[in-house]
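All remarks here apply to the structure that follows.
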Amino acid sequence: MSNDSLSSVKRALEVLRALGQGPMRVQAMAHAIGREKTQVSRTLKVLAEEGFAVRDPETMEYRLGWQFFALAAAAEENPLRHEAPRVLRALVQQLGESAHLTTLAGNAAVTVLSERPVRTLQVHERVGQTSPLNCTSSGRALLLGLPDDEVVALFAAADATGEPLPGSERAPRTVPALLERLHEEHRAGYVVSIEEHEPGMTAVAAPVRDFRGAPVAALNISAPTMRLPPEAHPPVIEAVLSACKRLSETLGYANH
């Protein structure tokens, strides 16, 4: 491989690492990694063509693409690769609703695995789809137990604009309100989001933890609110917590 080719590969890796911190425009990316704007622009164009990056046509910001997350989910060294599909399928069979596994990607949650029942009306999520952290069950589950300063850092850019965080009026739309909600949910060990992100939809989620106890993924059940009213929450919560415990144990987590 020529030196030019090696340099291009290195530049692509630098760009991907930077995108892992959150969406960026070309100029911001060039500044962040110390490269020329034209070089970064060419690299991002190639990554977008191959599915490793996606550009928002309105903001012109790039973010990590579905191909990146599909590869991450398929990594052989990840114990979740082998166990998660079985656990999600069992959960779908038990509850009859869609189950999803998400991970943290910058300041968003990204779906890396989905299992669905055969239903006419259901939640449509796909691998690589991103969603907000503050107003989704999986997003907040990924934040449970994180130090407050780490949560604040994730929302620093959005908070600086003075605009409310995304979501309906049911969702915590300021950083202080989000921290308060997270403290409550951390004590409970799970998250319930009722029409906070999408009208008419409810989701229940809990974190999957590694051997240190850190949340590395979130498992959630999503369904129309009419099929998941408050009185139906307890068995769903119990099932989600049990599934997360099983996945966490594959990563060496033992909750004493």
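The values are calculated or read from the model by the stated rules, or taken from the named source; none is laboratory data. Here the structure is a predicted model, which means the values were calculated and not measured. As a convention, Cβ positions derive from the backbone with ideal geometry for all residues, glycine included, and neighbour counts pool all protein chains shown. Ligands, DNA and RNA are stripped out before the accessible areas are found, and what is left, the full protein with its side chains, is counted by its heavy atoms. Shrake-Rupley method; radii C 1.70, N 1.55, O 1.52, S 1.80 Å.
Provide the FRET efficiency to the nearest 0.05 for the Q93-A188 pair, computing r from the beta carbons and using R0 = 25 Å.
0.45
How high is the relative contact order of the chain? Use alpha-carbon pairs under 8 Å, at least six apart in sequence, and give a whole percent.
Reported relative contact order: 16 percent.
Nearest 500 deg cm²/dmol is fine: what mean residue ellipticity at 222 nm does the chain get from its DSSP H runs of n ≥ 4 alone, each adding -39,500 (n - 2.57), divided by its residue count?
Here the helix-only value at 222 nm equals -13500 deg cm²/dmol.
Go through (1) 7, 34, 39, 19, 2; (2) 7, 25, 23, 17, 13, 10, 5, 1, 0; (3) 7, 29, 33, 22, 7, 1, 0 and flag the label whose value is the computed P(r) over Cα pairs in 10 Å bins from 0, in percent for this structure.
Structure-derived value, by its label: (3).
Taking only protein heavy atoms and a 1.4 Å probe, what accessible area per residue, in Å², does the chain have with all protein chains in place?
Counting only protein heavy atoms, the per-residue value for the chain is 53 Å².
As I understand it, the dipole of the chain uses +1 on the Cβ of Lys and Arg and -1 on the Cβ of Asp and Glu, about the Cα centre. Which of A232, L80, S137 lies farthest toward its positive end?
L80
Relative contact order of the range 1-65: what whole-number percent is it, with Cα pairs under 8 angstrom and at least 6 residues apart?
35
What list of ³J(HN,Hα) values in whole Hz, one per residue of the range 8-13 in order, does the Karplus curve 6.51 cos²θ - 1.76 cosθ + 1.60 (θ = phi - 60°) give from phi, with Gly and Pro shown as x?
Each residue's phi maps through the Karplus curve to give 5, 5, 4, 5, 5, 5 Hz.
What's the FRET efficiency of H233 with S168 using the Cβ-Cβ distance as r and R₀ = 22 Å, to the nearest 0.05?
0.75
In nm, give the distance between the simple-model label positions of L6 and E50, each being 7 Å from the Cα along the Cα-to-Cβ direction.
Computed distance between label sites L6 and E50 equals 1.8 nm.
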